[in-house]
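*Asks:* Got a structure for you, written out below as C-alpha cells; questions coming shortly.
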C-alpha cells in the first residue's frame, strides 16, 4: 500500500488525482507515519523551489542598487572630467597655435593632455561596462 501511495503523492500535490483518490491518500497519510513524513518533505521541497524563494535576498538587492548608484556617480564624474580635459586640450591647442613656443614644448604640452583624455575615456568605458552589467543582472532577476 505504501509504495502505491508514495507514487501518487506528487500527483496529489499537483492536484491531478480525483476527489475520491485524494481522500483515500489523505486517510492513509493520517495513519502512516512514513508516508506522512515523505509527504511533508515533498511539500517543503516544493516550497523551497517556489520563485519567491529563489529571488535574491533584500541585502543582495540593496547591494546591487548601491553598486549601480555608485557606478552612476562615477560615470557622471568621469564624464565631467572628460569634458574639462577636452576643454583644456582645445585651449592648449589654440594657445600652441597662436603663440610661438618651442616645438618640443608644444608636443609635451598637447600629448600630456591627450594621454589624460585617453585615460579618462578608458576609465569611462570600464565604469560604463560595470554599470550595464549591474542593470542587466537586475533585469534578468526581475528585481
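None of the figures in this text is laboratory data; all of them are computed from the coordinates on show. All figures in this text were calculated on a predicted structure; none of them were measured in a lab. Ideal geometry is used to build each Cβ from the backbone, glycine not excepted, and the neighbour counts take in all protein chains shown.
*Asks:* Grab the Cα-Cα distance for residue 24 and residue 66, subtract it from 0.36 nm times how many residues apart they are, and report the gain in nm with one decimal.
*Replies:* Working: separation 42, 0.36 × 42 = 15.12 nm, distance 5.37 nm.
So the extension gain works out to 9.7 nm.
*Asks:* Under a point spin-label approximation (7 Å from Cα along Cα-to-Cβ), what is the residue 47-residue 117 distance to one decimal in nm?
*Replies:* Once both label points are built, they end up 6.3 nm from each other.
*Asks:* Report the full-extension gain for the segment residue 79 to residue 32: residue separation times 0.36 nm, less the Cα-Cα distance, to one decimal in nm. Don't skip to the end; give the middle numbers.
*Replies:* On the way: separation 47, 0.36 × 47 = 16.92 nm, distance 6.95 nm.
In short, 10.0 nm is gained.
*Asks:* Taking just the alpha-carbon atoms of the stretch 2-53, what radius of gyration and Dmax come out, in angstrom?
*Replies:* Rg then Dmax for the stretch 2-53, in Å: 11.3, 33.
*Asks:* Can you give the extra length, in nm with one decimal, that the chain gains between residue 98 and residue 125 once fully stretched, where that is 0.36 nm per residue apart less the Cα-Cα distance?
*Replies:* Values: separation 27, 0.36 × 27 = 9.72 nm, distance 3.38 nm.
Difference between extended and current length: 6.3 nm.
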